[in-house]
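Just so it is clear, none of the values below were taken in a lab; they were calculated from the coordinates. What you see is a predicted model; the values in this text were computed from it and never measured. Positions of Cβ are backbone-derived with ideal geometry, glycine not excepted, and every protein chain shown enters the neighbour counts.
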Amino acid sequence: MKIISSVARILCLEIKSKKLSLCLSHSLRLSLIFLFLLPVTAWADQVDTLRPATDQLYANFFAYPGLNEFWEEIDEATSDGDGTYIYSSTVGADYGWIHNAFSTSSVIDSVRLVWNAKSTATSGTPSITLGRLQFQEGQWYSCTYGGGNGTANLTSSYVNYSKTWTVDPCNGSAWTVDGLNNAFCCWWVDNTNVGTAPTGRQNRMTQSYIVVYSHAGAASVKRRSGLVQDEENKGIAEGGMAR
Ligand SMILES: [Ca+2]
Ligand SMILES: [Ca+2]
């Protein structure tokens, strides 16, 4: 912003030096600022949200109210809080979902996984790990490329926690539709820590989804957009606060 204001000021001075009586109007300055910001904020011109459609794996996780498949408790477009959720009181419990096959002719810049989660613990440091798992040689492995997994300390209120990958975390290569839809992968959460009290405390996840950022432009643009997205989401907790 500072740089852009300076540029606008310089342009203003240049016009003055040519003895033009009119300086840049306020609205023109705003337009200039917008133009300078445009390449950064509008790189990704397509945003798709994909939600859980199938349970891929679960171990020591449970569903509330439990009348549905696990994924049905976390697939709402707007978080329903304690209305429906999956939960676990066990350290090391895993759950993973997959979305329906997605198709796009655009270049995928980045993919952001979001978990809306909280803890009912009153002491200790409850936390989750969020990431992408891949099934290989009979076992599930967490994908390690592009920053691997994210971690987040939970609070007593539901908060969105996210992790963004500018490359496919399964292979370190640029995202492809096939990589995104890979049925041997899933969007994962792991109960890393459940706090220390009270008895029966739970880590709860009420909503999860991925956001796919893509654009119809050249591949060279893709990388830059990815970097911007990655910077914005580095802190895991949405809003840039490390939790
Ligand atoms: Ca539902
Ligand atoms: Ca829910």
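This model, with +1 at the C-beta of Lys and Arg and -1 at the C-beta of Asp and Glu, gives segment 95-180 a dipole about its Cα centre of some 320 debye.
The tail of the calculated P(r) for segment 35-150 beyond 23 Å holds 42 percent of all Cα-Cα pairs. A straight chain from Q136 to D82 at 0.36 nm per residue would run longer than the Cα-Cα distance by 16.0 nm. Placing unit charges on the Cβ atoms only, positive for Lys and Arg and negative for Asp and Glu, gives segment 46-232 a dipole magnitude near 420 debye about its Cα centre. Between the residues T54, V189, S127, the greatest Cα displacement towards the positive end of the dipole of segment 46-232, with unit charges on the Cβ of Lys, Arg, Asp and Glu, is found for S127. For segment 46-232, the Cα gyration tensor yields ellipsoid semi-axes of 29, 16, 16 Å (square root of five times each eigenvalue, largest first, whole Å).
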